[in-house]
Structures are given as structure tokens and as C-alpha cells.
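The values are calculated or read from the model by the stated rules, or taken from the named source; none is laboratory data. Note that this is a predicted model, so its numbers are computed, not measured. Cβ: placed from backbone, ideal geometry, glycine included. Neighbour counts: every protein chain shown. Only protein heavy atoms, including side chains, enter the accessible area calculation; ligands, DNA and RNA are left aside. Shrake-Rupley method; radii C 1.70, N 1.55, O 1.52, S 1.80 Å.
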Amino acid sequence: MTDSRRLRRLVAGEETWFWSVSHRHPECREVLSLRREGGPTALRIVFREGPGRIVSGGYAWHDGLVGTAHGPDLNLHEPGVVRRLLDEAKARGLVREGRSDPEADGWPLLDAVAEGRAPE
């Protein structure tokens, strides 16, 4: 099993980002943390458990999986998913230059990112 909190590298156009995934308590949640190389710009995309919203907790789902009871799910350990989440967050103005660790609700991003997923 790999270390789910390890720092990974993602090249997105001209930018390099470092990212990791963690499961946090209280308020059971999955957190995707991104930090752009060479500066303070960072973002945390948070998926909190709630009615109809499922986050991995070590039970039936594997670490890093988020989804809805009757809809799509995403694996936050897949670089392509992370890239699409980052792109969607940027498109929505959630990534702010020079801001360190602003937090964004991941649920509004989930459907847009899942719809862009290539067919299996």
C-alpha cells in the first residue's frame, strides 16, 4: 500500500504544483491539498461527508474516493482527476494568487469534473 499523504508533482501547462490527499477528523472529510511551486499560492479542496455525500473512511471504499449516493465518484489519487479539479477551481476563481491555503468546497466541482471524464 502506498503512503496516501505523500507529496506528488503535477505539471499543468507552465506551472508545477505539488499535491497530496488526506482523510481528516472530526467532520469526516477528504482533503486535496495543492501548492504551486515557487510561491505561496495554495488551495485545499475539501469534501465533507453529509447526506448523500460519501467520503472514504476505510470501510467499503478505498482511501481518496469521494462521491454521491446516486451519482459520480472521483479517486483523488489519480493525477488526471487532480488536474481536472485544479483546472475547474481556476475557472471558478478559487485559486487566488499569493493566497496560502484557501479552502474550497469540493462538492460543486465534482459533477463538472466527473462529466469531463473520458468514457471507460
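Quick check: with the 1.4 Å probe, what order do Glu115, Glu37 take by accessible area, largest first?
My answer, sorted largest first, is Glu115, Glu37.
Rounded to a whole number, what % of the accessible area of the chain do carbon and sulfur atoms account for, probe 1.4 Å? Display every interim value, and only then the final one.
Values: 3270 of 6840 Å².
Of all accessible area on the chain, carbon and sulfur atoms account for 48 percent.
How far, in degrees from 0 to 90, does helix 79-91 lean away from the longest principal axis of the Cα atoms of the chain, to the nearest 10?
On a 0 to 90 degree scale, this one is about 70.
Counting only heavy atoms of the protein chains, get the accessible area per residue of the chain (1.4 Å probe) and round it to a whole Å² value. Can you show the working numbers first?
Working: 6840 Å² over 120 residues.
Accessible area per residue, the chain: 57 Å².
In nm, to one decimal, how far is the Arg9 label point from the Asp105 one, both placed 7 Å along Cα→Cβ?
Taking the simple label geometry, Arg9 and Asp105 are separated by 3.6 nm.
Just to be sure I understand: if I project the alpha-carbon convex hull of the chain onto a plane and average over all orientations, what area do I get in nm²?
Values: hull surface 31.4 nm².
Across all orientations, the chain yields a mean hull projection of 7.9 nm².
Return the loop-located chymotrypsin sites (Phe, Trp or Tyr not before Pro) in the stretch 40-113 (DSSP other than H, G, I, E, B) with at most 16 other Cβ atoms within 10 Å of their own Cβ; answer none if there are none. Don't skip to the answer; put the middle values down first.
Working: sites: Phe47, Tyr59, Trp61; in loops: Tyr59, Trp61.
Hits after loop and neighbour filter: Tyr59, Trp61.
Just tell me the longest site-free run in the chain, where the sites are trypsin sites (Lys or Arg not before Pro) in a DSSP loop having at most 15 other beta-carbon atoms within 10 Å. Show your work: numbers first, answer last.
Values: sites that count: Arg5, Arg6, Arg92, Arg96, Arg99, Arg117.
Segment 7-91 is the longest.
Select from Gly106, Val95, Pro72 the residue farthest towards the positive end of the dipole of the chain; place +1 on Cβ of Lys and Arg, -1 on Cβ of Asp and Glu, and compute about the Cα centre.
Projecting each Cα onto the dipole axis, the largest value belongs to Val95.
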